[in-house]
Amino acid sequence: MARIIHCADLHLASDEAAYSLAVLDEIVALAASADFLLVAGDLFDSFADLERMKGELRGRLAALPPRCRAIVIPGNHEHLRMGGASLASVDLGPGIFALERPFARFEGAGVEILAIPFAESYADYLEWPVPPKGARARIVMAHGTLASELFAGVPDGEEPGGVFDADLFARLGCDYAALGHIHAARSETSGALTLSYPGSARVWRRGETGPRTVCSIEVRPDVPRLELSTIALASAGEYREHEVPLNLDGSLPDLSAIAEGWRPADWVRLLVSGVINDEHAARGLERALEATYGGRVRRIELDRERVLAFDGISSEPIARKFIELWAAEEPATNGAEREIWLKAREIGLLKIKDALERRA
Amino acid sequence: MIRRLTLASFGKFAGASFPFRPVTLFLGDNESGKSTLFDALFEQLCSPKGNSKQGMRLKERYGEKRLASVEFDGAPLDLDPDEFLSLFAIDSGDIKLPMESSASWLDRVKSKLFSGGIDPAALARSLEGEASTQGNRAPAKRLATLERERLAAERELEGLASRRSELIGREEGVRGSSDRLAALERALEAKLAAAKEREALVEERRRIVERESLRSALESLDRLESLRREEERTSGYRGDESGKLLDLERALRAAEEARSRAAARAGLLAERRAVEARKVAELASTNERIARDAALASQLRRSLGRSPTGRPALAVGLVAGAGVLGAIAGALALPRAIASLPAWLGAIAGAVGLLVVALVVLILLGALASAGPRRGGMEAVRDEWRRRAGVGDSGSGASDDVLAASTYEGLVAALAAKERGADELALRLGRERSELEALEGQIRSGSGEIESLDRAAAEAERALSRWLAERGLPSAPAYQAARAEHAALASRVKEAEGEVGKACERLGVRDERALKVEATVRIGKLDALISRPGLSEADARRAEAELAGLRAETEELREEKTRLVASVSGGLGEVKGSLGELPARILECERTLARLAAEARGVEQARSASALAKRIFETMAEDSGLLLAELSGEIASAFAGLVAEERSVELSRFDVESARVVDSGGSMRPLDQLSEGTRDSFLFAARLTLAARSPEGILVLDDPFLSLDAARTRSALRYLAEFQGRTGWQIVIFSKDSGMERMVADRFKEAGVVRLP
């Protein structure tokens, strides 16, 4: 039986060193009881970060028990800000950094691993030589975007390039595709092939909601199918976004209910909205937030883009009346209804603001 | 309540101070400072911001340094400038105070009223489009557009997905071609290997042949060398001494020939001598006989007496004959001839003719004479001859002439012949005898010659033998043979040289030594390379034939391979090219679909949110409706009080345009269709009603009743008094009508009057 830990997109960065290294530590601890630690690209946020932090990485990988073999493929981020350097000169430890094209091959613990380093295009995959497949389970590591509805999602600023077709993995006789690049954890099974993105191992950018996970794969000799499970990384925390309607006077409503779910490693972003008397008041809010919750979460911030100002709105009867009636419509559940309810407030206040401005 | 207004420096007032009562009337003409007072009051009560419209106006009008103050009884009033101007400051009809916006005073009043002065129904209406689910409204239209785009994107995705499947299928086909290609390659390799083998064989054969040729060159060289040695050995024969030999031989032969000739001659001579001797003997014996005959003959002949010749008889006969003929001919011809000839000539011819005839006759006579008497003697002679001569014997063969002669002449001739014969014979004998002697003499000299010739011959032979012995030749022909052999050898040497020369050319070497070296070296090399020396020409031919066949097959395979490669790479290229870009395009499509779905959700969410907001506004508007109805009622009653009639007022919405008033004729009319007085009364009533809803305020009326007649004015004042009684508000009136003083005093208990200078 073999156990594999599959993670990706940790984006170790020197400007988030403590956070990203804490996550790395948690991953390495999980890998200690596994046979393979597969890092499917973007281990570092850039080549510059690679240079600065590879010592840290080497240290931790060296501390892995000999049973566990670490394999890292470069993702697109490892190519950023490279200057004239080349990845070939990078030493992350013996046999760890897989750079061979089109792929490198490893074996152990009854499984076979093909590691594909990141490329701008995989269009030549039809010409790749496919090693004959034995009875072993074959795992293919790759970094890129799988062209498939499940993984497409709304483009949110991902870098272009590196798109591959599921056929690539089928052709390679792959049982499990250990993928990286897409930061939202997703997996899909088609036939005998399972393709999975563990998602970014830490919160790298706004919008990466949900727990950060790694995939754990178990290969049993008697069981044809691989067993896939996900493990949440506590030290990575979560990115949490909350829509918070500001009171007309610019003050925050009571946050204790939502703050209850916040964890120390979390990155909290409050999207405040509404029409308030004075936009300066909104600026003061950030300081207030930081003061109150700064210590309780890793990072807390305010998004004021949807806040509008109208002097005196808090004393406008129509606004107050509207808020009064709107509050009475609060839905019981969190979800689409709540979103609509919050949006109705924005729309109503905006109309009121426009009318007030016209009146003046 | 204002107690006092002090204008330290404000406009035209400097240090003016005015007391205020619950009702204060300021009387004065235009230019008396009413506006200034109004503005000072306004500024003190409302404190408009310096940069607001009112503030700017005040600054402009009265300068920065204006100074005024107000004393209050009780809590000071702090009113909103716009509220003040729109609600508490009432002027007559069209005279409007400048406000912040160009909206009418009624609109401005809305801030003091419910909903902040904004008609929630209007807001609800404004959300109608956004909240609507109707197909012709924005959300539905946007959703429809999004749906169309989604369908298009889905179709595109379907197309891409099917293209992808097709390409993957095609790639598999290409892969099959690839497999075939691999098989072709293998076959090609095999063919090439086989061809290589054959080529090796051919090459081997070529090497063998070359080695042969080299070896034969070497052999030629060897042969040449041995020939040369041979030739050298028999170099004696180079020079041609055959002349000498020939001479010697010839000499010998000549000597021998001379000798044999001499011998022969001697022999011949001997023979001749023998013959001659015999002959002489014979002759001698014959001579005897003949002599006897001859004597006889002579005798006989003499007996005859004459030596007839015989010939003449013939001759005569001929001549006679000829003459006769001639005479005849002449005789015949004569007459004619004479006729034709001249007379003299004819005469001559005749004469000659006659002569001839005469001759002939004579001759004839003579012959006849001679012939006669001869016959008798002849027989006797013949008999004699038969008896004594040795003829008539058997064995003599030929008949004797004498006996045979038939004529006298003949006989005579025959006898004469016999005489002659004997003479001849004797001569002959004599001759023969001398001949014999000569011969013997010759023989004698001949044998001497033979001896010397013998010696000469022997000498010549010795010379020849010596010459031959010197050269080791057994015989003279041997020399020629030797020479011929040598010549043959020399020509063989030449031949061999020629061969070697050609070999040199072939091998490209300069000379024989180089040839030997070169050939030896090359043979050495070839020997090292040649592994199958037994390879025959037939084998090589077979290999070549097979090679040709293999080459043809290889060519075919190559062509097929080229075709396949083209189709594979073309196909693969196309597949790869298309398949390569497909995933990105598929991803793009999927992202578009995700985006469209998200947008549609957003549109739906916005629509629902708008619907909720609209509903809330509608709820608020319902409340407003009630209030509006209330307001209408209040205005109506105020209006009624003012015009002292019950007039219906309808305010469907809270704006001037919707106000309807029943005119004096009983028709519902909008405000602009009413008479000025009625309208002003209405507006006055409305403003008062609205003002009364504020918790605190002050009424500042500036010539408010300009357009009202006396009765209406009284009504208005009465209404004002009632208003004051209800609200307890301070009222300030500016007027230029002095009659107002009395009306005010009548109406209001605590009224003050200030006359402006």
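Values computed for the structure shown
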read-out: Residue under evaluation residue B:570, criteria (1) free of Cβ contacts under 8 Å to residues at least 40 places away in the same chain; (2) more than 7 Å from chain A (Cβ to nearest Cβ); (3) buried (at least 17 other Cβ atoms within 10 Å of the Cβ), criterion not met; value: (3)
read-out: Single residue of B:283, B:269 found to be in contact with a Gly (Cβ under 7 Å, 6 or more places away or on another chain) and in a helix (DSSP H, G or I); value: B:269
read-out: Tabulated pairs, the range A:112-127, first more than 12 Å from chain B (Cβ to nearest Cβ), second in a loop (DSSP other than H, G, I, E, B) and of a type in the set (Gly, Ala, Ser), C-beta under 8 angstrom, 6+ apart or interchain; value: A:112/A:134; A:115/A:98; A:117/A:98; A:118/A:41; A:118/A:75; A:118/A:144; A:118/A:162
read-out: Options A:68, A:7; residue that is touching a strand residue (DSSP E or B) at 6+ places or on another chain (Cβ under 8 Å), surrounded by fewer than 22 Cβ atoms within 10 Å (Cβ to Cβ) and touching a residue at least 24 places away in the same chain (Cβ under 8 Å); value: A:68
read-out: Residue tally, condition more than 7 Å from chain B (Cβ to nearest Cβ) and under 35 Å from the mean Cα position of the chain (by Cα), over the range A:319-340; value: 10
read-out: Every residue from the range B:167-214 that is hydroxyl-bearing (Ser, Thr, Tyr) and touching a Ser or Thr at 6+ places or on another chain (Cβ under 7 Å); value: B:177
read-out: Where residue B:579 falls short, out of the listed (1) surrounded by fewer than 20 Cβ atoms within 10 Å (Cβ to Cβ); (2) in the same structural domain as residue B:161 (by TED's automatic domain parsing); (3) of a type in the set (A, V, I, L, M); (4) at pLDDT below 80; value: (1)
read-out: Total residues in the range A:97-119, condition over 19 Å from residue A:193 (Cα atoms) and touching a helix residue (DSSP H, G or I) at 6+ places or on another chain (Cβ under 9 Å); value: 5
read-out: Total residues in the range A:250-289, condition under 24 Å from residue A:212 (Cα atoms), of a type in the set (D, E, K, R) and free of Cβ contacts under 8 Å to residues at least 24 places away in the same chain; value: 1
read-out: Filter pass, residue A:258 being modelled with pLDDT of 90 or more, assigned to a helix (DSSP H, G or I), farther than 30 Å from residue B:118 by Cα and not assigned by TED's automatic domain parsing to the domain that holds residue A:20; value: yes
read-out: Candidates B:38, B:42, filtered to the one that is crowded, with 19+ Cβ neighbours inside 10 Å and assigned by TED's automatic domain parsing to the domain that holds residue B:743; value: B:42
read-out: Residues (in contact with a helix residue (DSSP H, G or I) (Cβ under 9 Å, 6 or more places away or on another chain), part of a helix (DSSP H, G or I) and more than 16 Å from residue B:253 (Cα to Cα)) located in the range B:467-483; value: B:478, B:479, B:480, B:482, B:483
read-out: Unique match (being at the interface with chain A (Cβ under 7 Å from one of its Cβ atoms) and not aliphatic (A, V, I, L, M)) among B:591, B:585; value: B:591
read-out: Number of the exception - residue B:72 against (1) touching a helix residue (DSSP H, G or I) at 6+ places or on another chain (Cβ under 9 Å); (2) aromatic (Phe, Trp, Tyr); (3) modelled with pLDDT of 90 or more; value: (1)
read-out: Residue match in the range B:620-634 (condition: within 14 Å of chain A (Cβ to nearest Cβ), assigned to a helix (DSSP H, G or I), without any contact (Cβ under 8 Å) to a residue 24 or more places away in the chain and within 30 Å of residue B:147 (Cα to Cα)); value: no
read-out: Evaluation of residue A:33 against (1) out of contact with any Pro (no Cβ under 9 Å at 6 or more places or on another chain); (2) without any contact (Cβ under 8 Å) to a residue 40 or more places away in the chain (one fails), failing number; value: (1)
read-out: Answer from B:171, B:185 - the residue that is part of a helix (DSSP H, G or I) and surrounded by 15 or more Cβ atoms within 10 Å (Cβ to Cβ); value: B:171
read-out: Within the range A:299-341, considering residues that are touching a strand residue (DSSP E or B) at 6+ places or on another chain (Cβ under 6 Å) and crowded, with 20+ Cβ neighbours inside 10 Å, the one modelled with the lowest pLDDT; value: A:313
read-out: Flag for residue A:228 being touching a strand residue (DSSP E or B) at 6+ places or on another chain (Cβ under 8 Å), among the hydrophobic types (A, V, I, L, M, F, W, C) and closer than 23 Å to residue A:141 by Cα; value: yes
read-out: Any hit, the range B:461-480, residues being hydroxyl-bearing (Ser, Thr, Tyr), modelled with pLDDT under 85 and loosely packed, with under 15 Cβ neighbours inside 10 Å; value: yes
read-out: Residue selected from the range B:618-635 under the condition at pLDDT below 75 and among the aliphatic types (A, V, I, L, M), by the criterion farthest from the chain's Cα centre (by Cα); value: B:631
read-out: Members of the range B:531-555 that are of a type outside the set (A, V, I, L, M), surrounded by 11 or more Cβ atoms within 10 Å (Cβ to Cβ) and assigned to a helix (DSSP H, G or I); value: B:539, B:541, B:542, B:544, B:546, B:549, B:551, B:553, B:554, B:555
read-out: Residues of the range A:261-306 satisfying the condition of being among the acidic types (Asp, Glu) and outside any helix (DSSP H, G or I); value: A:266, A:278, A:301, A:303, A:305
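The values are calculated or read from the model by the stated rules, or taken from the named source; none is laboratory data. Here the structure is a predicted model, which means the values were calculated and not measured. Cβ coordinates were reconstructed from backbone atoms using ideal geometry, including for glycine residues, and neighbour counts include every protein chain displayed.
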